[in-house]
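Here is the structure we will look at, set down as structure tokens.
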Number of protein chains: 2
Amino acid sequence: MPEYTAPLRDMRFLLNEVFEADKMWAEMPRLAEVVDTETADAILEEAAKIAGDVLAPLNRDGDEVGTKLVDGEVITPKGFKEAYKTFSDGGWFALGGNPEFGGMGMPKMLVGQVEEMMQGANMSFGLMPMLTAGACLSMNVHGSQELKDKYLPNMYAGPWSGAMDLTEPHAGTDLGIIRTKAEPNADGSYNITGTKIFITWGDHDMAENVIHLVLAKLPDAPSGPKGISLFLVPKILVNEDGSLGEANNTSVGSLEHKMGIKASATCVMNFDNAKGWLLGGENKGLNCMFTMMNYERVGVGIQGIGAAENSYQNAVTYANDRLQSRSPTGKQQPEKAADPIMVHPDVRRMLLTMRALTEGGRAFSAYAAKWLDTSKFTDDENQKKHADSMISLLTPVVKSFLTDTALESTIAGQQVFGGHGFIREWGQEQLVRDVRITQIYEGTNGIQSLDLIGRKIAANGGAFFKLYIEEINAFIATQESNEKMAEFINPLKAAVANLVDLTEWVMEKAQGNANEIGASSVEFLQVFGYTSFSYMFAMSSVVALEKEGSEPFYKNKLATARFYTKRLLPRYISLSEAVKGGADCLFELEADQF
Amino acid sequence: MPEYTAPLRDMRFLLNEVFEADKMWAEMPRLAEVVDTETADAILEEAAKIAGDVLAPLNRDGDEVGTKLVDGEVITPKGFKEAYKTFSDGGWFALGGNPEFGGMGMPKMLVGQVEEMMQGANMSFGLMPMLTAGACLSMNVHGSQELKDKYLPNMYAGPWSGAMDLTEPHAGTDLGIIRTKAEPNADGSYNITGTKIFITWGDHDMAENVIHLVLAKLPDAPSGPKGISLFLVPKILVNEDGSLGEANNTSVGSLEHKMGIKASATCVMNFDNAKGWLLGGENKGLNCMFTMMNYERVGVGIQGIGAAENSYQNAVTYANDRLQSRSPTGKQQPEKAADPIMVHPDVRRMLLTMRALTEGGRAFSAYAAKWLDTSKFTDDENQKKHADSMISLLTPVVKSFLTDTALESTIAGQQVFGGHGFIREWGQEQLVRDVRITQIYEGTNGIQSLDLIGRKIAANGGAFFKLYIEEINAFIATQESNEKMAEFINPLKAAVANLVDLTEWVMEKAQGNANEIGASSVEFLQVFGYTSFSYMFAMSSVVALEKEGSEPFYKNKLATARFYTKRLLPRYISLSEAVKGGADCLFELEADQF
């Protein structure tokens, strides 16, 4: 059976040594009240136990058994109910929540590490706190005091979970064309009618209630994205005194049959004059979604890292255990019939690729989380504005790049196992199937890349982008005289210069051809990602070089950074060339000639 | 339901226009007797019907139901038995077989196209003729006249299928350490005892008998790969008169639970003093395997193309049907709620990537097949030697590169579908799961890459490699004055120069460090692959340019070649950089520090 151990050492390295989270926390009163290094450490320790001891052991069986719809009820695999209880009893749903309603108010930098553990141990389960947290976030910002009082405490405490109901059969990326209707009632509530698909944990038997946030259109709404409103629609209506009342008119039409995350319920949800309450203003639904979008998207990137870490750990164990052939440099374990496959350069290449992409991703998501925290917790308007710009810019990259690299990692982690990687019992193929969805949902990676180059760069004349480049260049400047850093700084400089050039190239091209943005977007995002990871590795190498002699951890950090710099970072060169291949070659073929 | 239509036009283009197979066939008496363009065309037409009408409709259900082991019997999904009968009644098992025993003696260039159709329509089923053909090939070369007379006719005719039994639980890549024993009997037969795993179609209910080719060790065999012998072990013993006799002592221990190709039985096979007959000489087992290895490996590459083509076709249909958002250049279908997603540059990028990789792969496998045919059918010793060198060199590239690119293609074909790509009913995710095994079995792609750079290049001082480069350079020379070809020839020249440089770089480095070969191998193979596809596109562009005005097909060919040249070929640059990152950075981490 595959095993999962939370990578606590690396998480602490990022929080305490690279990003010095404690300093930031101490500066922000709302954080200073609730968290310091010691508290964070204790939380990480406890989370690691839940992930390793409670969630990971359910992962394989959950995949085999799946969640089932029986007489309209969603039945989760054996053990999930108990895990849910352990999870909510431990207060984990409350971790990032608003203290006013029972949340713990923890920063995303810490919450993100906990998320990685839960997702890494069991992605199907991990989706549950993720969706609930997202729903709570939106409700917290856009809900009336009454709605918040009524719903948030039970969601933070766990008896009620949350779901996001956006997609319809004909409307995925293009939410402007949804058909679900909301008709106002005299009492201020609305009647919601329509069908939603792909609703993760839209229903299940672990919680007493499911709180849906549903996108729908008011009768007089303008067409397109500006005519969408967001409604809170509980599965079971809540009485004035907070007790559960009658069932609302919601039902599960069916569960999807999926490639992966099979233990999670992906519901077709039917709303048939279900009672709902408006969140945020009329026709402000998409705005309300964006509130939680940055968090959710960073969360999806983190899912990728979690799965990749899990795959890496099991691949390392296998590579050290499996005896097969001899090292190219001669027998390493002559007393055995063959050497462990860890001796083979290509096996190491695969493992180091996974390791570098996972460490780079973990650092990058923590870096993004730092900006989310700054935006949420700072009292300084300028700092907030800066943080908002950065998070706008970085979110699509975290979501896409960390999930693209996670697929690569889990594929490599499967390949290390040879034929056994294809066999379900070993668990490696499940991670590939599970992680595959992260490139698709919460806005496909193609859509993310358009968001990056179109909305986040082109639309503001590169203002956010400039902030980021200035920051990297300022960091580079601090290291110019550090000779030991040259092996990381010089390649980073070259990558940044290339990224700046490439951005200018695309912006210029886009003047003449509206298709040029979309034609360059995916590879552009990847160039942005590889360059960003180079920045992450350079930052962590500064710390690692200072402490190199103290414990092997730091030597390993540098080894991974070197591998990344020499063997993965150069990918930006070809990706940039592909971008410069331009849009014209995409439009030579007529649609009916494909 | 997903659909599959054999890409006959492209297959004919390759056979008749690019490689002018008919000329070669006419020159070789054993081919001239059995095949010309007209016959080939008729075979392609008929195969297309079997693939599209018989095999493709079974593919989704086969995946859902899977093959089951019930009371020791392997039960195939509904419809498979009937399909098998249609397939064998049509003579398809005999296609490439030796006419002396009822085979049709067709060239691999043609057989490969038929294989692509069957694999593309239903990979689980397609494995059956592939394995049978491989077993027949070995038997044909290494079997005694008696064994051939006894077994081949029924295998070509279909009532008996073939299986290859190599892997053991502890011995996959490293066959030298297998434990299965063969003890000689007085009558010239052997008693085979041992356990084999991962035996594709090791047993099933579609054929009357299964003929296993089993690797085992004789009592006095030397240790390692030089002590392996190959035995023919039928499931049911065959009487002197050719009728079926008693059951042999073989049994299916279990079926593997796999990520994909679920309708195919992957058996644990137990041999308990099962009766077998030696094929080839004592301790010559690995040699005997190599006979069919080149065919099988080319066949695995072809499996990749088949799956990628299937995914491409369904992605194109979806991209033209699915309405979502508007073109960046303005509404294209203003009367509808949204434009078909085919208008989006990134959707086109994904589809063209699939198209280019699939067409490039199809051409490259046909090119490799041409050398297989030359080797098998020529009477000219020099020509045979040349062909053998080429096929040695190219086989690992066909196997690996076509399956790596097939995974990329099927992933892209899934991505085009957005969330629906993750849902099983649409079929796209199955193709990803099915194709994934092609990178693993028949020698992992890592092992193939070592074979290429180690055995096929370094070991002979680059002699085979030089032949290939000379051929490409000679082709380039013929096009130097063709101005219209410059857009393809110049990038090809640059790619070839890079490949030559890179090869020299690796050879030189390898002098000083035995790990350098393995450290560079995977990326080196990919550089070789991208360069080879560039050669393929250049060759087909010569033809397409000549006929550009005649039908859209040729214009499309050029468009795809341009897309490949501008947006995919540049990948070799970064891959070469990665190779030059060298081996040292793979060995900084101690094994226990991963």
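Sort out which residues of the range A:195-220 are part of a loop (DSSP other than H, G, I, E, B) and either among the hydroxyl-bearing types (Ser, Thr, Tyr) or more than 23 Å from the chain's Cα centre (by Cα) (or both), and write them in order of number.
Restricting attention to the range A:195-220, the residues satisfying the condition of being part of a loop (DSSP other than H, G, I, E, B) are A:201-208, A:218-220.
Of everything in the range A:195-220, those that are part of a loop (DSSP other than H, G, I, E, B) and either among the hydroxyl-bearing types (Ser, Thr, Tyr) or more than 23 Å from the chain's Cα centre (by Cα) (or both) turn out to be A:Asp205, A:Met206, A:Ala207, A:Glu208, A:Leu218, A:Pro219, A:Asp220.
Scanning the range B:394-425 for residues that are of a type in the set (S, T, N, Q) and either within 14 Å of chain A (Cβ to nearest Cβ) or not in a helix (DSSP H, G or I) (or both) gives B:Ser400, B:Thr403, B:Thr405, B:Ser409, B:Thr410, B:Gln414, B:Gln415.
For the range A:565-583: of the residues being over 30 Å from A:Asn515 (Cα atoms) and in contact (Cβ under 8 Å) with a residue 12 or more places away in the chain, which is nearest to the other protein chains (Cβ to nearest Cβ)?
Taking the candidates together, the pick is A:Arg567.
Could you please give the count of residues in the range B:517-536 that are more than 12 Å from B:Leu450 (Cβ to Cβ) and open to solvent by less than 10 Å² (accessible area, probe 1.4 Å)? So that I can check it myself, show each step before the final result.
In the first step, residues of the range B:517-536 are kept if they are more than 12 Å from B:Leu450 (Cβ to Cβ); the result is B:523, B:526-536.
If we keep only those that are open to solvent by less than 10 Å² (accessible area, probe 1.4 Å) as well, we get B:527-529, B:531-536.
The qualifying residues number 9.
Please find, within the range B:126-183, the residue that is farthest from the other protein chains (Cβ to nearest Cβ) out of those that are under 29 Å from B:Glu116 (Cβ atoms) and of a type in the set (Ser, Thr, Tyr). The selected residue is B:Tyr156. Just one residue in the set B:Gly120, B:Gly105, B:Gly134 is under 27 Å from B:Ala363 (Cβ atoms) and not in a helix (DSSP H, G or I); that residue is B:Gly105. Kindly list the number of the only condition in (1) free of Cβ contacts under 8 Å to residues at least 40 places away in the same chain; (2) over 30 Å from A:Asp339 (Cα atoms); (3) touching a Ser or Thr at 6+ places or on another chain (Cβ under 9 Å) that fails for B:Val233. Of the numbered conditions (1) free of Cβ contacts under 8 Å to residues at least 40 places away in the same chain; (2) over 30 Å from A:Asp339 (Cα atoms); (3) touching a Ser or Thr at 6+ places or on another chain (Cβ under 9 Å), the odd one out for B:Val233 is (1).
Any residue that is closer than 30 Å to A:Met259 by Cα and more than 14 Å from every other protein chain (Cβ to nearest Cβ) - is there at least one of those in the range B:373-393? Working first, answer last.
Pass one, the range B:373-393, residues closer than 30 Å to A:Met259 by Cα: none.
No, the range B:373-393 has no match at all.
Considering (1) in contact (Cβ under 8 Å) with a residue 12 or more places away in the chain; (2) under 23 Å from A:Asp346 (Cβ atoms); (3) surrounded by fewer than 18 Cβ atoms within 10 Å (Cβ to Cβ), the lone condition that B:Asp451 does not fulfil carries the number (3).
Restricting attention to the range A:462-489, report how many residues are farther than 22 Å from A:Glu504 by Cβ and in contact with a helix residue (DSSP H, G or I) (Cβ under 9 Å, 6 or more places away or on another chain). First the steps, then the outcome.
So in the range A:462-489, the residues farther than 22 Å from A:Glu504 by Cβ come out as A:478-489.
Now drop any that are not in contact with a helix residue (DSSP H, G or I) (Cβ under 9 Å, 6 or more places away or on another chain), which leaves A:478-480, A:482, A:484-489.
Looking only at that region, the number is 10.
For the range A:436-462, the set of residues classified as in a helix (DSSP H, G or I) and polar (S, T, N, Q) consists of A:Thr438, A:Gln439, A:Asn445, A:Gln448, A:Ser449, A:Asn460, listed by residue number.
Residues are listed down the side, and each one gets a yes or a no for (1) under 26 Å from the mean Cα position of the chain (by Cα); (2) open to solvent by 20 Å² or more (accessible area, probe 1.4 Å); (3) of a type outside the set (Phe, Trp, Tyr); (4) over 26 Å from B:Pro7 (Cα atoms):
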site	(1), (2), (3), (4)
B:Met289	yes, no, yes, yes
B:Tyr295	yes, yes, no, no
B:Val316	yes, no, yes, no
B:Arg322	no, yes, yes, no
B:Thr329	no, yes, yes, yes
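Suppose we keep only residues that are of a type in the set (Gly, Ala, Ser) and open to solvent by 10 Å² or more (accessible area, probe 1.4 Å) within the range B:392-417. Which one would you say is nearest to A:Gly443 (Cα to Cα)? Going through the qualifying residues, I end up with B:Ala412.
Results for (1) within 17 Å of B:Gln303 (Cα to Cα); (2) in contact with a Ser or Thr (Cβ under 6 Å, 6 or more places away or on another chain); (3) modelled with pLDDT of 95 or more; (4) aliphatic (A, V, I, L, M), shown as yes or no for each residue.
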site	(1), (2), (3), (4)
B:Lys81	no, no, yes, no
B:Ser88	no, no, yes, no
B:Gly91	no, no, yes, no
B:Met104	no, no, yes, yes
B:Met117	yes, no, yes, yes
B:Pro129	yes, no, yes, no
B:Met139	no, no, yes, yes
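Only one of the numbered conditions (1) over 16 Å from B:Ser229 (Cα atoms); (2) in contact (Cβ under 8 Å) with a residue 12 or more places away in the chain; (3) away from chain A (no Cβ under 14 Å); (4) surrounded by fewer than 24 Cβ atoms within 10 Å (Cβ to Cβ) is violated by B:Ile197, and that is (3). Condition check for A:Arg562 on (1) assigned to a loop (DSSP other than H, G, I, E, B); (2) within 11 Å of chain B (Cβ to nearest Cβ): one failure, at (1).
Out of the residues in the range B:231-267 that are under 23 Å from the mean Cα position of the chain (by Cα) and assigned to a strand (DSSP E or B), which is farthest from A:Arg433 (Cα to Cα)? Spell out how you get there, then give the answer.
Going through the range B:231-267, the residues under 23 Å from the mean Cα position of the chain (by Cα) turn out to be B:256-267.
Next, only the ones that are assigned to a strand (DSSP E or B) stay: B:258, B:266-267.
On the way: B:Lys258: 12, B:Thr266: 20, B:Cys267: 23 Å.
Here the residue is B:Cys267.
Quick check: anything in the range A:285-308 part of a strand (DSSP E or B) and closer than 29 Å to A:Glu425 by Cβ? No, the range A:285-308 has no match at all. The one condition from (1) closer than 26 Å to A:Lys150 by Cβ; (2) touching a residue at least 40 places away in the same chain (Cβ under 8 Å) that A:Ala307 does not meet is (1). Within the span defined as the range A:466-487, one or more residues are in a helix (DSSP H, G or I), small (Gly, Ala, Ser) and open to solvent by 50 Å² or more (accessible area, probe 1.4 Å). If I ask for residues that are aliphatic (A, V, I, L, M) and open to solvent by less than 50 Å² (accessible area, probe 1.4 Å), which ones from the range A:33-46 would you list? Selection gives A:Val34, A:Val35, A:Ala40, A:Ile43, A:Leu44. Across the range B:426-448, the qualifying residues are those that are of a type in the set (Gly, Ala, Ser) and more than 8 Å from chain A (Cβ to nearest Cβ), and the one among them that is most open to solvent (accessible area, probe 1.4 Å) is B:Gly443.
One residue alone among A:Glu483, A:Glu516 is away from chain B (no Cβ under 14 Å) and of a type in the set (Asp, Glu), and that residue is A:Glu483. Just one of the numbered conditions (1) within 14 Å of chain B (Cβ to nearest Cβ); (2) open to solvent by less than 30 Å² (accessible area, probe 1.4 Å) is not true of A:Gly299: (1). Of everything listed in (1) touching a Phe, Trp or Tyr at 6+ places or on another chain (Cβ under 8 Å); (2) under 22 Å from B:Gly72 (Cα atoms); (3) crowded, with 23+ Cβ neighbours inside 10 Å, the single unmet condition for B:Leu278 is (2). Applying a threshold of 8 Å to beta carbon distances and a minimum spacing of six or more residues, or different chains, the list of pairs starting in the range A:479-501 at a residue that is under 17 Å from A:Phe524 (Cα atoms) and touching a residue at least 60 places away in the same chain (Cβ under 8 Å) and ending at one that is open to solvent by less than 50 Å² (accessible area, probe 1.4 Å) and not in a helix (DSSP H, G or I) reads A:Ala495/A:Leu569.
Taking the numbered list (1) in contact (Cβ under 8 Å) with a residue 60 or more places away in the chain; (2) surrounded by fewer than 20 Cβ atoms within 10 Å (Cβ to Cβ); (3) within 11 Å of chain B (Cβ to nearest Cβ) in turn, A:Lys509 passes all entries but (3).
The values are calculated or read from the model by the stated rules, or taken from the named source; none is laboratory data. Predicted model only: the values in this text are computed from it and were never measured. Cβ coordinates were reconstructed from backbone atoms using ideal geometry, including for glycine residues, and neighbour counts include every protein chain displayed. All accessible areas refer to the heavy atoms of the entire protein, side chains included, with ligands and DNA or RNA removed. Shrake-Rupley method; radii C 1.70, N 1.55, O 1.52, S 1.80 Å.
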